[in-house]
Amino acid sequence: MVEILHGISLNVTAGETLGLVGPSGSGKSSLLMVMGGLERATSGKVLALGQDLTHMNEDQLALFRRDHMGVVFQSFHLIPTMTALENVATPLELAGVKDAFDRAEAELEAVGLGHRAGHYPAQMSGGEQQRVALARAAVTRPKILLADEPTGNLDGANGAAIIDLLFGLRDRHGATLILVTHAPDLAARCDRTIRLHDGRIAQTAEAAE
């Protein structure tokens, strides 16, 4: 077993936007995955919304994420056999929400893709697929939004649009936003940035007023 993170102690305030930055291999994505309960910490505790993720089993973690977290990955992770609308509605359907498709449609409209609701991922550009992924992450109105290099596979214009949408979702739903990025302009929009190096926190910077 390889230890990736060492002695991380970090508090994130409700509603805060936090950027995780640093060179490749510094532990940014691993820290985000641990914070989301997608990877297990071998020691210490991960507390989210007053609950200890380290003592939850896989089913409990899945339920916690479904009810409280939205996750956006660099590589979209859309279901290829489902339309954009079906992809966005899926987390609501799993939660037994009756108006899942109405809410999914509204969220697609919010990211400017109402007209693409019936299209499959393969019929959409990378920027459009990431918008669908954002809509899916936001449709449950999560208290915590996690984003791992959300603009990493996109060109400048699409990346800028996704940044605006991410912060718009945060503003609309009042979510805490934690994101991993190599993009200086994206990190600069966060309330605080944490720079990691070799699995440790090397520097913390508050946003300039």
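Placing +1 at every Lys and Arg Cβ and -1 at every Asp and Glu Cβ, with all other atoms neutral, what dipole size does the chain have around its Cα centre, in debye to the nearest 20?
On the way: 18 positive and 25 negative charges, 49 e Å.
In debye, rounded to 20, the chain gives about 240.
Summing Lys, Arg as +1 and Asp, Glu as -1, what charge do residues with Cβ under 15 Å from the Cβ of ARG116 carry, ARG116 excluded? Could the numbers behind the result be given before it?
Working: positive: ARG131, ARG136; negative: GLU86, GLU105, GLU107, GLU109, GLU128.
It works out to a net charge of -3.
Apply the Kirkwood formula to the chain: the hydrodynamic radius equals the inverse of the mean of 1/r over all pairs of different alpha-carbon atoms; give it in Å with one decimal. Can you show the working numbers first?
Numbers: mean 1/r = 0.0572 Å⁻¹.
Its Kirkwood hydrodynamic radius stands at 17.5 Å.
Given the DSSP H assignment, sum -39500 (n - 2.57) over each helix run of at least 4 residues in the chain and divide by its residue total; what's the result at 222 nm in deg cm²/dmol, nearest 500? Mind showing how you got there, number by number?
Numbers: 7 runs with 77 residues, N = 209.
Helix-only estimate at 222 nm: -11000 deg cm²/dmol.
Does region 45-163 classify as rounded, prolate or oblate by the C-alpha gyration tensor (a ≥ b ≥ c root eigenvalues; a/c under 1.5 gives rounded; else a/b over b/c gives prolate, otherwise oblate)? Can you show the working numbers first?
On the way: a/c = 2.15, a/b = 1.41, b/c = 1.52.
Taking the square roots of the gyration eigenvalues as a ≥ b ≥ c, region 45-163 is oblate.
Could you tell me the accessible area of HIS197 in Å² (1.4 Å probe, neighbours in place), rounded to the nearest ten?
100
Taking every DSSP beta bridge that has both residues in the chain, what percent is antiparallel when rounded to the nearest 5?
Numbers: 8 of 25 bridges.
Beta bridges within the chain, antiparallel portion: roughly 30 percent.
Keeping all protein chains in the complex and leaving out DNA, RNA and ligands, what accessible area do you get for ASP185 with a 1.4 Å probe, in Å² to the nearest 10?
That residue has around 100 Å² of solvent-accessible surface.
Please list 3J(HN,Hα) in residue order for region 49-57, calculated via the Karplus relation 6.51 cos²θ - 1.76 cosθ + 1.60 where θ = phi - 60°; whole Hz, with x for glycine and proline.
With the stated coefficients, region 49-57 comes to 6, x, 10, 8, 5, 5, 9, 8, 7 Hz.
The values are calculated or read from the model by the stated rules, or taken from the named source; none is laboratory data. Being a predicted model, the structure only gives us computed values, none of them experimental. Because the Cβ atoms are built from the backbone with ideal geometry, glycine has one as well, and the counts that use them run over all protein chains shown. To get the accessible areas, we keep the full protein, side chains included, count just its heavy atoms, and leave off ligands, DNA and RNA. Shrake-Rupley method; radii C 1.70, N 1.55, O 1.52, S 1.80 Å.
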